[in-house]
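Here the structure comes first, spelled out in structure tokens, and everything after it is commentary.
The values are calculated or read from the model by the stated rules, or taken from the named source; none is laboratory data. None of these values were measured; they are calculated from a predicted model. Here Cβ is always computed from backbone atoms with ideal geometry, including for glycine, and neighbour counts include all displayed protein chains.
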Amino acid sequence: MVSQHTIRLEFSHRVFPTRDVFASENRVLSDLIGDHAEDRPTKILFIADANVLAARPMLASEIADFCTASGGNILLAAPIFPVPGGEPAKNDWSLVEKIWAEINRAKLDRHCYVVAIGGGAVLDLVGFAAATAHRGIRHIRMPTTTLSQGDGGVGVKNGVNFFGKKNWIGTFTIPFAIINDYAFLDLLPEREKRAGIIEAIKVALIRDADFFYELEANAPALAALEIAALERVVERGAELHIEHIATSGDPFEFGSARPLDFGHWIAHKLEQVSDFAVGHGEAVAIGIAADLFYSVEAGILDEETAQRIIGFIEKIGFATYSEYLKNDVILQGLEEFREHLGGELTITLVPEIGKKLEVHEMNREHILTALRRLQERESSTCS
Ligand SMILES: NC(=O)c1ccc[n+]([C@@H]2O[C@H](COP(=O)([O-])OP(=O)(O)OC[C@H]3O[C@@H](n4cnc5c(N)ncnc54)[C@H](O)[C@@H]3O)[C@@H](O)[C@H]2O)c1
Ligand SMILES: [Zn+2]
């Protein structure tokens, strides 16, 4: 006889926005761990993006002082473990083994914590290593880029690249908590500061018209990359992101729809054909603009709204065309996107600000027209 039971698990998916998390008066991390403290000191292993450590040379001593100030409640399991920043973090399998070795050396068990500090790439690497050591050690993420604080870093996925493919190995694991410390954003170069804004525009377009209008009204401050405007973008972007994960009914992506990947089918391909010279945020800006003009061609969106959104994206400083779009292989991006979803092709489009629409086919001629329109637009603004 078949024996069958439903297993229901409850998780809390939470983001704590703060500034200067390791300052002596900041209680975010100690309260979080204190909530779960047992009758012994809590061991934490910190793993950090080497570029963040370089940009903030005092970070290691700030963390050491923070642990000392806990009066023995928090124990540094080992000195901060540095890993290379950016995509190299995910391209080198030996880093996973090195993190496991460090966890083993420090004798961390499932009641200890691994804290990752860094850009989305480092969080993906450390999240994977922590999720697989002892079948899952409590993991706290501290994203340090606008993009990871508002988007990738607040998700439930981790992974590394393998067989030359992005994120081929990885798990869906809800982190113990995410702490968005805005002080890290001050250290970012301009390009990285701007990158996260486009993911906030994306999530506003598919979920929250009011947030889109707010962003639009704030265009000058965003274009100037003013820190208060960036913090607001990250804060609301992160809220919408985790709300989507928690309420969409498919946190572990069993289905084929990925609304948070709006504008991403072209973006992924553009990053690849440019050999990552076009960054993720830059590629998403172009991908969104292309999908908006596509939607006009397909009769899904009116011309005026498409112009309004594309004009706003440009005002913030994003290009909406790249020479790499001339390459016909961009169209292969659709098939690769289908493989990435692992099922039926599902592309999210925006029929009006704040609403989404899923389609399962894309018309090749309409795509080419959309790309041509972006090229003409660029030539007319350049001349
Ligand atoms: N897990 C997910 O759900 C998810 C979602 C989206 C993206 N991602 C992944 O995230 C990665 C991209 O993340 P990203 O945009 O944060 O870029 P990134 O991790 O590549 O970081 C960009 C660069 O900035 C450096 N850096 C990070 N923080 C800094 C700081 N505060 N000061 C100075 N330099 C700093 C990094 O070392 C790197 O060189 C990709 O690998 C992507 O696949 C994951
Ligand atoms: Zn993205």
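Restricted to segment 221-240, and to residues that are crowded, with 20+ Cβ neighbours inside 10 Å and more than 16 Å from ligand 2 (Cβ to nearest atom), which residue is farthest from residue 150 (Cα to Cα)?
The extreme case among them is 222.
Which residue is nearest to the chain's Cα centre (by Cα), if the candidates are limited to segment 273-308 and must be within 16 Å of ligand 2 (Cβ to nearest atom) and within 20 Å of residue 346 (Cβ to Cβ)?
If we take residues in segment 273-308 being within 16 Å of ligand 2 (Cβ to nearest atom) and within 20 Å of residue 346 (Cβ to Cβ), then 284 is nearest to the chain's Cα centre (by Cα).
How many residues are free of Cβ contacts under 8 Å to residues at least 24 places away in the same chain and surrounded by 17 or more Cβ atoms within 10 Å (Cβ to Cβ) when one looks only at segment 321-344?
Looking only at that region, the number is 1.
List the residue pairs whose Cβ atoms are under 7 Å apart, where the first residue sits in segment 193-222 and is closer than 24 Å to residue 120 by Cα, the second is acidic (Asp, Glu) and within 15 Å of ligand 1 (Cβ to nearest atom), and the two are 6 or more positions apart or on different chains.
From segment 193-222, the pairs are 196/151; 199/151.
Name the pairs: first residue in segment 86-104 and in the same structural domain as residue 162 (by TED's automatic domain parsing) and assigned to a helix (DSSP H, G or I), second residue of a type in the set (Gly, Ala, Ser) and within 16 Å of ligand 2 (Cβ to nearest atom), Cβ to Cβ under 6 Å, at least 6 apart or on different chains?
89/121; 90/121
For segment 305-320, name all the residues that are of a type in the set (Phe, Trp, Tyr) and surrounded by fewer than 21 Cβ atoms within 10 Å (Cβ to Cβ).
312, the sole residue that qualifies.
If only one of 289, 285 is away from ligand 1 (no atom under 16 Å from the Cβ) and assigned to a helix (DSSP H, G or I), which one is it?
So the residue among 289, 285 that is away from ligand 1 (no atom under 16 Å from the Cβ) and assigned to a helix (DSSP H, G or I) is 289.
Is it true that some residue in segment 160-177 is more than 11 Å from ligand 1 (Cβ to nearest atom), over 25 Å from residue 336 (Cα atoms) and touching a helix residue (DSSP H, G or I) at 6+ places or on another chain (Cβ under 7 Å)?
Of segment 160-177, the ones more than 11 Å from ligand 1 (Cβ to nearest atom) are 162-165, 168-169, 174, 176-177.
Filter again for over 25 Å from residue 336 (Cα atoms), leaving 174, 176-177.
Checking the rest, the ones that are also touching a helix residue (DSSP H, G or I) at 6+ places or on another chain (Cβ under 7 Å) come to 177.
Scanning segment 160-177 turns up at least one residue that is more than 11 Å from ligand 1 (Cβ to nearest atom), over 25 Å from residue 336 (Cα atoms) and touching a helix residue (DSSP H, G or I) at 6+ places or on another chain (Cβ under 7 Å).
Among 161, 218, which is assigned by TED's automatic domain parsing to the domain that holds residue 283, surrounded by fewer than 22 Cβ atoms within 10 Å (Cβ to Cβ) and among the polar types (S, T, N, Q)?
Going through 161, 218 in turn, just one is assigned by TED's automatic domain parsing to the domain that holds residue 283, surrounded by fewer than 22 Cβ atoms within 10 Å (Cβ to Cβ) and among the polar types (S, T, N, Q): 218.
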